[in-house]
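Notes follow once the structure below has been shown.
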Amino acid sequence: MSQGIITKVSGPLVVATGLPEAKMFDVVKVGTQGLIGEVIEIRGDKVSIQVYEETSGLGPGDPVVSTGEPLSVELGPGMLEGIFDGIQRPLDVIEKKVGSFITRGIDVPALNREKKWKFTPRVKPGDRVAGGDIIGTVQETVIVEHRIMVPPGISGVIEDIREGEFTVTEPVAILKTESGQMVELTMMQKWPVRKTRPYKEKLPPEIPMSTGQRVIDTFFPVTKGGTACIPGPFGSGKTVVQHQLAKWADAEIVVYIGCGERGNEMTDVLLEFPELKDPKTGEPLMKRTVLIANTSNMPVAAREASIYTGITIAEYFRDMGYSVALMADSTSRWAEALREMSGRLEEMPGEEGYPAYLSRRLAEFYERAGRVICLGSDNREGALTVVGAVSPPGGDLSEPVTQATLRVVKVFWALDAQLAYARHFPAINWLTSYSLYSDVVEEYMNKNVSSDWGQLRSEAMRLLQEEDNLQEIVRLVGIDALSTGDRLVLEVARSIREDFLHQNAFHEVDTYSSMKKQYRMLKLILLFYHEAQKALEKGAFFSDIEKHPVRERIARAKYIEESNMHVFDEIEKEIKKAMQDLAEGGAADA
């Protein structure tokens, strides 16, 4: 360890000299209280340090000690159900120790050093293992089996391995490397947050990650290992969409990063998640969740670290062979932390004062997503899906953070303030959103759900776009100027919007729709459209079609439980009969 002294303090930025051995991204302890900081720039003998705690009271001449190690996270049993700050300090432990506010310089290990975990070996002495191989398991929560892996870069023969109860720092196995060196393996690994964890091979993202949200799964799907962003102004429902994804997405582990959002939003998450039941197991959702909270009233600089801390934890669970969903709420606050540090470093600003390297940093973050074949001899598959919320000021999607994100991610769920004000949730605008995974997902759905899935989806999108064009005509000359065929398009598009895309997150049935149910619902609406077209051609009155009671049954189809799918068959028969009766009536009148 080398020790230097502070020469300048500027908010979260501290400049020190006398640290000749310091390297980029090394962790340093600043001041007499040992505040945690990270080296972010070295110019000659001047070292610029980003301090992750409140720096008031620090001054020139105070000591700075370099640890010689990069900012790392502790990975092992005890992370699930945990609530950490941006640099992986356990907030529940800190609260018991010092109360509701984090005391500066407090040093608490991320993983509990006293708790013993029951370790069950999967290999035996004499077995040859390499980095990524699973040597044993720990039942961390009722839902999740924590797989203890050989750290990357180590290989050799197991000399000794024991079953029993151990803390995360006690050796559970001894490995003899190729060079004859004996290495003790514990249940805990350390990994630098800015370094991507290695894998064998990256696979194409072809399997959809079902979320139970109809507007997402049907129109703008995301795949396992894919990337998505949710930009939208204040109050348009970004956090609600992310909560829904955390609850219902087809992922085994959820990592939720509250990065610079308001404290009360994070409080909602902390109060809600333990109450929520995991739909697959009936256990509390927290049993498979890691929360990282770095709210707007916590130090700005730690927001920057929180994103990397979260994605490193997510990569670790992916390496076990799990499908992981990471929610970052929001990357705009993270970019603001970058902007503040860049300004204090007196760097040349880019657009709107953001640093010129904003796009590169965002790309580095999102590129850590992916569906991969993990390290290890069993060729297991893991996936890490990243969903980032963006909070553009005033909902302006042309601002730098949104634009830089759009260049990297493949799915864009554009939240619309007008839809939110009209109480249409999720407020995802179907005309401006897009998904570059649509084609691969369509192939998958045509094979696994129904061969006409892609056809229905395309027709529904066409009707919504046609509605938008017709609304212009209606605004100019009124609805009476439209033909009955065009008025039918407006009615069916309204049905797609209100009966299919609109979804109530707080209704016990409507909050989630399986892929099969989504298909049946869309099929109902489009069946009504085709049958109504035929009836109109045979002389049925548009007013009779528009007001027919069967439309109420179509509207209420969203409340049909997954176990009662036969009801859809009844409604389909009713639609055909109703339209046939109207057509016959129209023909008789003619």
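A few comments on the model shown:
- Alpha-carbon Rg/Rh ratio, for segment 401-451, with Rh computed the Kirkwood way: 1.11
- Distance between segment 120-135 and segment 325-402 - C-alpha centres, whole angstrom: 36
- Our analysis of the chain gives Rg over Rh at 1.05, with the two radii drawn from alpha carbon positions and Rh computed by the Kirkwood formula.
- Estimated purely from DSSP H runs of n ≥ 4, each contributing -39500 (n - 2.57), the mean residue ellipticity at 222 nm for the chain is -10500 deg cm²/dmol once divided by its residues.
- Net charge of Cβ neighbours under 13 Å - reference Ala422; Lys, Arg +1; Asp, Glu -1: +1
- When you count the other C-beta atoms within 10 angstrom of each residue and take the mean per peptide, 541-549, 426-434 line up highest first as 426-434, 541-549.
- Ordering of 491-504, 57-70 by burial proxy (mean other Cβ atoms within 10 Å per residue, highest first): 491-504, 57-70
- Measuring between their Cα centroids, segment 38-102 and segment 144-168 lie 28 Å from each other.
- In terms of its alpha-carbon gyration tensor, segment 452-590 comes out oblate; a/c meets the 1.5 threshold, while b/c is at least as large as a/b.
- Overall form of segment 1-143 per C-alpha gyration tensor (a/c, 1.5; a/b vs b/c): oblate
- When each of the peptides 477-484, 6-13, 344-351, 126-133 is scored by how many other beta carbons lie within 10 Å of its residues on average, the order from highest to lowest is 6-13, 126-133, 344-351, 477-484.
- Cα gyration tensor, segment 249-392 - rounded (a/c under 1.5), prolate or oblate: oblate
- Rolling a 1.4 angstrom probe over the chain with all protein chains present gives an accessible area of which 51% lies on carbon and sulfur atoms.
The values are calculated or read from the model by the stated rules, or taken from the named source; none is laboratory data. These figures come from a predicted structure and were not determined experimentally. In this analysis, Cβ positions are derived from the backbone assuming ideal geometry, glycine residues included, and neighbour counts consider all displayed protein chains. Heavy atoms of the whole protein, side chains included, go into the accessibility calculation; ligands, DNA and RNA do not. Shrake-Rupley method; radii C 1.70, N 1.55, O 1.52, S 1.80 Å.
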